Amino acid sequence: MPEIMNEIQVDSDLKCFHCGQSCEETLWSNGNAFCCFGCKTVYEILDANDLCEYYTLNRNPGNHIEQVNKDAYSYLDEKKIRKQIIVFDSENFAKVKFYIPGIHCISCIWLLENLNKITPGILKSRVNFARKTIDIEFDPVQVSLSTIAASLSEVGYAPQINLDTQKKEKPKVDRKLVLKLAVAGFCFGNVMLFSFPEYLGLDHSDRQLMRIFSWLNFTLSLPVFFYSGFDYIRSAWRSFKDREINIDVPIAAGLIALFLRSSYDIISATGPGYLDSFTGLVFFLLVGRWFQGKTYESLAFDRDFTSYFPLAVNRRVKNQWTPVVIYELKRGDQIRIRNMEIVPADSTLLDEFAYIDYSFVTGESRPVKVTKGELVYAGGRLIGTVVTLLVEKETSQSHLTSLWNNEVFKKATESKYQKIIDRAARRFTWIILLIACVTFIYWNVHNPEQKWLILTSVLMVACPCALALAAPFTYGNMLRVFGRHKLYLKNADIVEKLAGIDTIVFDKTGTITHGHAPEIKFQGYLNSLQLSRVKTLTSYSTHPLSTIISKSIPLTSEEVVEEFKEISGQGIQGIINGQLIKIGSPTFVGSGNTQYQPLATNVYVSIDHEVFGYFSIRTSIRKNLNTMLTRLHTKMVSLLSGDNDSDRDSMRALFEPSARLLFNQSPHDKLNYIEYLQGNGKTVLMIGDGLNDAGALKQSDVGIAITDDTGIFTPACDGILLGENLRWLDRYLDLARSSSVILKTGFAISFFYNAIALSFAVTGHLTPLVAAILMPISSISVVVFSTVAVNWVANKKLGNIN
């Protein structure tokens, strides 16, 4: 103990092992010094859970910890407050999202994503570094919400909780950036003013005045270096500690070189230095950063989810169930959810019970029984009997889209362009540093007075940002354009995949054909009571043929279906008032007499195992598909159908002679066919309704689900297309290919900018001030080009599409 006390007294510059701050009152644990009890506690927690790798990823990575009050978050367990914060809740599984402003480095991410090793009951945690948020999945039986929040605080990442869920976020003003910009601007202006004696070339008798002005310039440059421009140096230092080299490294090197050289000149009285260039450089760098932020904000391609998510649900309007797009739902609306439909908003169950599959939310297919009055969360899929729900919260389509992008539903293919960009960005900085060194050596020999300015210009002017921004802004703006034209894609990477499609596979029912104005007849006999029960049973299903049958029967019934089942590719069944009713294929209902009619689909009906006949349905083909299919002649096209081949002649007339038509295909057959095509080197686009072809949609390189007025949605698909716009499929694909051309042009702009700018800087024809102005302009030019080019090409190719 005396040895420790002596060490504390002697080493006044001792740094905290956890947060790196100076230790005024040093605490020790395992030979490591800590500035406070909070930092020491965090270390001991990590050490006890074998998580000290946290300290190997970064030196002093933690935040300074104040002692945590265990009861500070107890209010989160109150029922009303918990309901506001929780994203999803069930008996053994819950999800919550917290905003953590303390996230700043790779160590933070590593620790936060290993919370399950510290706090029992936490199942999984995932950090969004850009938004500084963490999504936590946990078992509410084992751990409470308040305990999770307290655990985050104990390790130095206190969540910032806002209970005002109705308040819409306004764009945040970066006040720190504005203040740094103001300081740099003030100092730059005054340094310019004090540099006038140098600019005017005052004679030797005024040297004393010039020295005073030089020291004033030095004084004004200090806040610019240590405050306004220090973020670049801090970022460069962190990149070194993380064993990575980022774009801020050459900028920081240029700033340090210019400042130290100028400081040496002034202190040694050998010259006035370059502090006018230094302060102006920082000022224009910050102006560029601010202007970039404003430009990206105005050109942001984040989608307005209320405009593009084309799912519909039945809402009660004057005692009638009317399909409405889900973003029109309001709190207090009654909605009717059918088998396999997605619940679009947090709602209260009005029926006695329901089975909800939350695999869309949790990634695990485990139907949960919900009873009357309980909350059903957005993203749940109904299994079985139709239910009525009362909307509690308006639809959060951003939430649905985030669920859609869950890793569980992601495909393994990686972006080709992203790999190129990542590789180029990693090498770019090293190349610039090498060029800067060679340039410095050359000018040190030929013109030593100019070497520092030229070195700084080289380090400033080159920027890989334009290269990095080309892909996200091109594909992001294309994503927005597709959305405006009723093709809603999961994310921007799908645009790149669409550009490489060479094979297209269509489903028939609900895709090529649709239920608008069909011709339907019942061959056999059903009395009015039986017909009303058939209507009730088919209304429970979202299959296109069920919808056609239900709409064709002008009867109503208040009877309820029990034990409803829907067997993919076969039919539906249920018990109504003690009678077992089956509707579907002849094999499913037990009919031995199969009738085939050209251009028609037959749906059989049996009641208590007695076949009463069949509905003959002549569905219409969507308008203008023949011209679209003709325009797709350069691609391999196939049709897969679960129906019999009675429609073969009409489909053959619709498709090109080279198209392959396959009938009587089960869902498994469809999936196998997609795998067969991919095994032969094809890049496959699957177009289906998401009912009997969910497996094929997931297996395909790009799967697009067709929707008309239904809430059916499969997370396995990569896009949703409004049915009436299927006729423009070839134009969508053509536009996706154009995005690749636009992206390559953006790459070329970035490359030529850097090549030309570097040639001017290396030869001494570019000052650091001009370099600082040009650097953000290069990024902005690529962003503006991508945006303008995408919109111009889109207007040219999709101009007449509603």
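What the table shows:
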{"read-out": "Simple spin-label estimate for ASP669 and PHE760 in nanometres, 7 Å along Cα-Cβ", "value": "6.6"}
{"read-out": "When each of LYS95/LYS124; LYS490/LYS698; LYS95/LYS372; LYS497/LYS682; LYS497/LYS698 is checked by Cα-Cα distance, pairs over 18 Å", "value": "LYS95/LYS372"}
{"read-out": "FRET E, pair ASN128, LYS80, Förster distance 30 Å, beta-carbon r, rounded to 0.05", "value": "0.65"}
{"read-out": "Computed lengthening from MET628 to GLU374, 0.36 nm per intervening residue step minus Cα-Cα distance", "value": "86.7 nm"}
{"read-out": "Solution diffusion estimate, µm²/s, Stokes-Einstein, segment 662-701, Kirkwood Rh from C-alpha pairs, 25 °C, viscosity 0.890 mPa s", "value": "244"}
{"read-out": "Difference of contour (0.36 nm per residue) and Cα-Cα distance, GLU519 to ASP351", "value": "57.0 nm"}
{"read-out": "Segment GLN579-SER620, extension gain: residue separation times 0.36 nm, minus the distance between their alpha carbons", "value": "11.5 nm"}
{"read-out": "Mean Cβ count within 10 Å, highest first, over the residues of peptides 505-514, 646-655", "value": "505-514, 646-655"}
{"read-out": "Label-point gap, in nm, between ARG660 and LEU390 - each point 7 angstrom along Cα→Cβ", "value": "5.4"}
{"read-out": "Cβ-derived FRET efficiency at R0 22 Å, ALA48 paired with ILE161, nearest 0.05", "value": "0.20"}
{"read-out": "Sorted peptide list for 333-346, 578-591, criterion being average Cβ within 10 angstrom, highest first", "value": "333-346, 578-591"}
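Bear in mind that the values in this text are calculations on the coordinates, not laboratory data. These numbers come from a predicted model, not from an experiment. We place every Cβ from the backbone using ideal geometry, glycine too, and count neighbours over all the protein chains shown.
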